[in-house]
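Below is one structure; the comments refer to it alone.
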Amino acid sequence: MSDELIELDKFIEFFQVDPHYFERTFLLIPDNSEKLYALLRKVLEKTGLAATGKLTMSTRERIILIHY
């Protein structure tokens, strides 16, 4: 079982977020959930939106923005 978890909260316009808040960049790579990642990417690309949420890695939680 993985100790990494992504929870998406809402979808927003990507340019609503000031780049000043971007601390790090991560690359999402699916593990046994390729279809879900493909669907999310397709939705983000088609709508031009980004998803906000939380990423939990080990015991640390981060606020994230996912875009294509």
What pairs can you find where one residue is in the stretch 44-64 and in a loop (DSSP other than H, G, I, E, B), the other is small (G, A, S) and modelled with pLDDT of 90 or more, and their Cβ atoms are less than 8 Å apart, with a gap of 6+ or different chains?
none
Odd one out for F11 among (1) modelled with pLDDT under 90; (2) among the aromatic types (F, W, Y); (3) not in a helix (DSSP H, G or I)
(1)
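For the stretch 7-55, name all the residues that are hydroxyl-bearing (S, T, Y) and exposed (fewer than 10 other Cβ atoms within 10 Å of the Cβ).
We begin by selecting, within the stretch 7-55, every residue hydroxyl-bearing (S, T, Y); these are 21, 25, 33, 37, 47, 52.
Result: Y21, T25.
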Pairs under 6 Å by beta carbon, first residue over 17 Å from G48 (Cα atoms) and in contact (Cβ under 8 Å) with a residue 40 or more places away in the chain in the stretch 1-28, partner loosely packed, with under 11 Cβ neighbours inside 10 Å and hydroxyl-bearing (S, T, Y), six or more apart or different chains?
D3/S58
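The values are calculated or read from the model by the stated rules, or taken from the named source; none is laboratory data. Quick caveat: nothing in here was measured; it's all calculated off a predicted structure. Every residue, glycine as well, gets a Cβ built from its backbone with ideal geometry; the counts of neighbours run over all protein chains shown.
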